[in-house]
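Worksheet: one structure, shown below.
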Amino acid sequence: MRTIWDISRPLTNDLAPWPGDTPFRYELRWYLSETCSVNVGAVIMSVHNGTHADAPFHFTRKGDTIDSVPLEKYIGPAVVIDFAEKFSCTQPSIAIADLEHARSQIAEARRVLLKTNCFPDSRRFPDWIPVLEPEAIAWLRELRVVLLGVDLPSVDPIEAKVLANHYALTAGNIAIVESLDLSEVEAGVYQFAALPLKVVGGDAAPVRALLWRD
């Protein structure tokens, strides 16, 4: 029987949003009863709550919106690279040297998922996050990577005013998926799917991200 790993963060009312962003809220508006045949819920949320895909429109006015991004980038082989021990106590960046050991897997899968465990509790927004160095992004571009996923709320530093890594990844046609939950997944190559909802004009969209092995 095929094992499927759900690497999406649960959308709950205690989920920590990006500071200042719209929090996630779900509530029942209709209740199953003698006079009502169904339960019906309503959701208020930012499109950046939980596990989500960023569109270029998120950080550039003329960028593609999430409903027009190429879906093939979000389905296919992906390599999980485990940095959980490396980033347990310090605030480093991720360099080419940290990725080099997985070069052949990266070149083959062309989708890279970085496991840091630096955002372990979805109810508490992290104080800092590790991010890729510019040279590492250029290196991924040379390997023709089409997607980068992280278990962090952003691919740029939390305090960043200019989203340099977002720009660099998009310039290399690399799709961005943020706030994955890779805590139960070991390093290695998997099949991956994380299709963004078709939010017309959206700067991002929630995804249900999955891993499996054939």
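The values are calculated or read from the model by the stated rules, or taken from the named source; none is laboratory data. Note that the coordinates shown come from a computational prediction; the quantities given were computed from them, not determined experimentally. Quick reminder, even Gly has a Cβ in these numbers, built from the backbone with ideal geometry, and neighbours come from all protein chains shown.
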Handout entry: Test for Val199: is it touching a residue at least 40 places away in the same chain (Cβ under 8 Å), in contact with a strand residue (DSSP E or B) (Cβ under 7 Å, 6 or more places away or on another chain), more than 16 Å from Gly50 (Cβ to Cβ) and of a type in the set (Val, Ile, Thr)
Key = no
Exercise for the section: Might you check whether a residue that is under 17 Å from the mean Cα position of the chain (by Cα), part of a helix (DSSP H, G or I), among the hydrophobic types (A, V, I, L, M, F, W, C) and modelled with pLDDT of 95 or more occurs anywhere in the stretch 170-193? Expected result: no
Handout entry: Residue check for Ser8: closer than 22 Å to Trp128 by Cβ, within 17 Å of the chain's Cα centre (by Cα) and among the hydroxyl-bearing types (Ser, Thr, Tyr)
Key = no
Practice task
Output the residue which, of all residues in the stretch 196-209 that are over 11 Å from the mean Cα position of the chain (by Cα) and surrounded by fewer than 17 Cβ atoms within 10 Å (Cβ to Cβ), is nearest to Asp82 (Cα to Cα).
Solution key: Leu197
Exercise for the section: Would you confirm whether any residue within the stretch 146-168 is outside any strand (DSSP E or B), modelled with pLDDT of 95 or more and touching a Cys at 6+ places or on another chain (Cβ under 9 Å)? Expected result: yes
Problem - Selection count, the stretch 115-141, where residues are under 15 Å from Ala187 (Cα atoms) and either part of a loop (DSSP other than H, G, I, E, B) or free of Cβ contacts under 8 Å to residues at least 40 places away in the same chain (or both) - result: 2
Exercise for the section: Identify the residue in the stretch 154-164 that is surrounded by fewer than 24 Cβ atoms within 10 Å (Cβ to Cβ) and in contact (Cβ under 8 Å) with a residue 24 or more places away in the chain and, among all such residues, is farthest from Phe125 (Cα to Cα). Expected result: Ala164
Handout entry: When residues of the stretch 1-45 are limited to those that are of a type in the set (Gly, Ala, Ser) and assigned to a loop (DSSP other than H, G, I, E, B), the one surrounded by the fewest Cβ atoms within 10 Å (Cβ to Cβ)
Key = Gly20
